[in-house]
1. Just for the range A:198-219: of the residues that are touching a residue at least 60 places away in the same chain (Cβ under 8 Å) and at the interface with chain B (Cβ under 10 Å from one of its Cβ atoms), which one is surrounded by the most Cβ atoms within 10 Å (Cβ to Cβ)?
2. Got a number for residues in the range A:46-66 being in contact (Cβ under 8 Å) with a residue 60 or more places away in the chain and among the aliphatic types (A, V, I, L, M)?
3. State all residues of the range A:221-243 that are within 14 Å of chain B (Cβ to nearest Cβ) and not aliphatic (A, V, I, L, M); if no residue qualifies, say none.
4. Taking B:G52 and the conditions (1) assigned to a strand (DSSP E or B); (2) surrounded by fewer than 16 Cβ atoms within 10 Å (Cβ to Cβ), which numbered condition does it fall short on, given that it satisfies the others?
5. For residues that are of a type in the set (V, I, T) and modelled with pLDDT under 90, scanning just the range B:93-137, find the one that is farthest from the chain's Cα centre (by Cα).
6. Filtering the range B:76-103 down to residues that are surrounded by fewer than 18 Cβ atoms within 10 Å (Cβ to Cβ) and assigned to a helix (DSSP H, G or I), which residue is farthest from the other protein chains (Cβ to nearest Cβ)?
7. Being loosely packed, with under 12 Cβ neighbours inside 10 Å and over 16 Å from B:P132 (Cα atoms) is the filter here; which residues of the range B:147-162 pass it?
8. Being surrounded by 16 or more Cβ atoms within 10 Å (Cβ to Cβ) and under 14 Å from A:I50 (Cα atoms) is the filter here; which residues of the range A:15-32 pass it?
Amino acid sequence: MQPLLTVNNLSKYYGNLRACDLISFTLYPGQVLGIIGESGSGKSTLLDSIAGHIPFEDGIVEYCSRDNTLLDLRTLSEPRRRKLMKTEWGYVRQNPRDGLRMTVTAGANIGERLLDVGERHYGHIRTEALQWLDEVEIPQGRIDDFPNTFSGGMQQRLQLARILVTRPRIVLMDEPTGGLDVSVQAKLLDLMRSLVRTLNLSVILVTHDIGVVRLLAHRLMLMQIGQLFDALLTDQVLDDPHHPYTQQLVNATLIP
Amino acid sequence: MATLQVLPTPKAPPQTQALLQADQLYKSFVLHHQGGVKLPVLEGVTLTVNPGECVALQGPSGSGKSTFMRSLYANYRVDSGSIWVKHQGRWVDLPQLEAHQLIAVRQHTLGYVSQFLRVIPRVPAVDVAAEPLLELGVDLDEAQTTVRELFSRLNLPERLWQLSPTT
């Protein structure tokens with residue numbers, strides 16, 4: 001199997017501070033990779049670097065696109081990178097209000113992404129928006145409502161729909177369930193699980209919540225002070241922790 | 001037409017009818033936050049399992065039975081030794097596999113039944129059991145039919161099928 005994404009010795013510095021220090025990993029199709037770390041470990045910086053939101057100093061990020069070309073994301077031109085982020089990649093932000101356009105309706109939020117990729121038929125766009133609302137379990141009748149009338153959980157599900165409508169191959173998620181109450185989190189995680197399977201998504205998921213990775217992630221990486229370690233299967237890392245930090249993390253969990 | 005059997009590295013097991021061969025497994029635990037104490041649990045364990053065999057691991061509490069089982073599933077990582085599994089006709093050594101290859105072995109070849117069933121609380125039993133088939137690309141209806149047949153065979157009362165296993 002050909003890897004979808006190869007990250008090799010990615011390093012991001014802020015002066016003398018090594019936010020990401022020689023990070024390397026490979027992501028295959030259909031895999032969910034969780035990144036756990038405490039605040040300040042560099043996990044969000046890593047995600048932002050991979051997504052091209054911030055530049056990084058050293059290393060290579062190589063992506064195998066839908067038409068089987070290997071793209072070096074660092075040297076990719078800005079217009080191409082932005083097109084990639086709208087078609088083959090997706091980024092779910094922790095706060096859905098940062099990932100949605102609050103001044104347009106729910107349907108428009110989803111439809112906009114279709115317009116971006118050249119869809120022009122209003123009927124088709126509306127039909128697809130309705131289907132996606134259904135897919136993320138938002139009542140179809142809310143299609144013409146504005147996102148600020150939605151609950152936090154619904155906004156997050158709307159963000160998911162907006163991102164998934166263009167059938168991305170990789171989705172980056174930064175604390176997607178942060179700030180949601182437990183039952184809402186549960187519903188969102190169930191939804192993500194089935195979408196990963198039905199759409200054969202690859203996901204890089206940043207979180208500090210072990211419960212989320214147990215449920216969603218096939219593989220788990222731990223980050224501490226910009227360093228990456230323990231990039232194995234989730235159950236291997238959590239059931240047989242080797243690294244002192246991993247042991248500390250697992251022992252500190254309230255729910256086993 | 002005869003096909004060529006490609007054997008893996010020189011350490012591969014000699015007989016080919018076996019399905020699993022654990023060779024000289026060593027496994028210890030180091031508890032970093034409890035004074036760095038080292039607990040050796042498996043010391044040179046070897047086991048061969050042939051098709052149709054049912055092997056019972058018997059021993060006193062703390063003798064390493066669970067550790068051994070979990071190591072065979074690669075849930076626990078061994079310090080040294082090989083775990084040869086016949087996966088799709090070829091021998092593979094679990095500790096040497098990459099993550100995506102291990103996932104494939106678990107999807108197609110190796111199963112694990114635990115006394116502690118860890119499931120998402122809200123999903124019905126029939127969907128929990130169908131998920132591995134769905135991951136292999138099997139159609140939803142077909143997967144659920146297969147599961148229902150198995151549930152009947154295992155004498156699981158039908159009224160429980162739509163309930164979460166945590167019930």
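The values are calculated or read from the model by the stated rules, or taken from the named source; none is laboratory data. If you're wondering where the values come from, they're calculated on a predicted model, not measured in any experiment. Note that we place each Cβ from the backbone using ideal geometry, even for glycine, and neighbour counts take in every protein chain shown.
1. If we take residues in the range A:198-219 being touching a residue at least 60 places away in the same chain (Cβ under 8 Å) and at the interface with chain B (Cβ under 10 Å from one of its Cβ atoms), then A:R219 is surrounded by the most Cβ atoms within 10 Å (Cβ to Cβ).
2. So the answer is 4.
3. Within the range A:221-243, A:Q224, A:F229, A:D230, A:T234, A:D235, A:Q236, A:D239, A:D240, A:P241, A:H242, A:H243 qualify.
4. If we test B:G52 against (1) assigned to a strand (DSSP E or B); (2) surrounded by fewer than 16 Cβ atoms within 10 Å (Cβ to Cβ), just (1) comes out false.
5. Applying the filter and picking the extreme gives B:V123.
6. For the range B:76-103, the residue satisfying everything is B:Q96.
7. Scanning the range B:147-162 gives B:R153, B:L154, B:N155, B:P157, B:E158, B:R159, B:Q162.
8. Residues satisfying the conditions are A:A19, A:C20, A:D21, A:I23, A:F25, A:T26, A:L27.
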